[in-house]
1. Under a plain spin-label model, where a point goes 7 Å from the Cα along Cα-to-Cβ, how far apart in nm are Ala95 and Lys13?
2. Given R₀ = 35 Å, what would the calculated FRET efficiency be for Lys49 paired with Ile82, taking r from the Cβ atoms and rounding to 0.05?
3. Using a Förster distance of 22 Å, how high is the FRET efficiency between Ile28 and Phe2, based on the Cβ-Cβ distance and rounded to 0.05?
4. Tell me, in nm to one decimal, what length is gained between Thr113 and Asn64 on full extension, where the rule is 0.36 nm per residue of separation less the Cα-Cα distance?
5. What does the highest-first list of 3-10, 51-58 look like by mean Cβ count within 10 Å?
6. Between Asn14, Phe94, Thr47, whose Cα lies farthest towards the positive end of the dipole of the chain when Lys and Arg beta carbons carry +1 and Asp and Glu beta carbons carry -1, centred on the Cα centre?
7. Given the peptides 31-37, 83-89, arrange them by the average over their residues of other C-beta atoms within 10 Å, most packed first.
8. Under a point-charge model restricted to the Cβ atoms of Lys and Arg (+1) and Asp and Glu (-1), what is the dipole moment magnitude of segment 24-64 relative to its Cα centre, in debye to the nearest 20?
Amino acid sequence: MFKIGNRITELRKNKGWSQTELAKQINISKEAVGKYERNEAVPSVETAKKIADAFNVTLDYLVNETAAPSFDKTTVSRMQKIESLDEENRGHVFAMLDAFLLKCSIQNNLNTTK
């Protein structure tokens, strides 16, 4: 079973923050952070949102074991902007993205065969 405390610990360590630093970022006690990380307590929705904001991840990523970590807030925002485009302009964005990804794939293949 997924435990939110494990995700909080992982994100905090990836940032290089102490529990005290995280507590200051979201305006809670260090003891509360410790309880969340040990899965002794579950943060309220409001606190979970503050934690997600501090780590620049979505709330979904924070609480969902299978959520993709690459979908940070910036990526989600960009995807929403693309979604709001009309079909023709969305097609242009995807064509550029496809071309760029193909270029990267070719470069990667060339670099691994050397």
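Quick note: the coordinates plus some simple rules give every number you see, no bench work behind them. Since the model is a prediction, treat every value here as computed from it, not as a measurement. Virtual Cβ from ideal backbone geometry, glycine too; neighbours counted across all protein chains shown.
1. Taking the two extended label points, one gets 4.7 nm.
2. Computed FRET efficiency for Lys49 and Ile82: 0.90.
3. Efficiency, from the Cβ-Cβ distance: 0.50.
4. This chain segment gains 13.9 nm when fully extended.
5. Result, highest mean Cβ count within 10 Å first: 51-58, 3-10.
6. Projecting each Cα onto the dipole axis, the largest value belongs to Asn14.
7. Result, highest mean Cβ count within 10 Å first: 31-37, 83-89.
8. With only Lys, Arg, Asp and Glu charged at Cβ, the dipole is about 140 debye.
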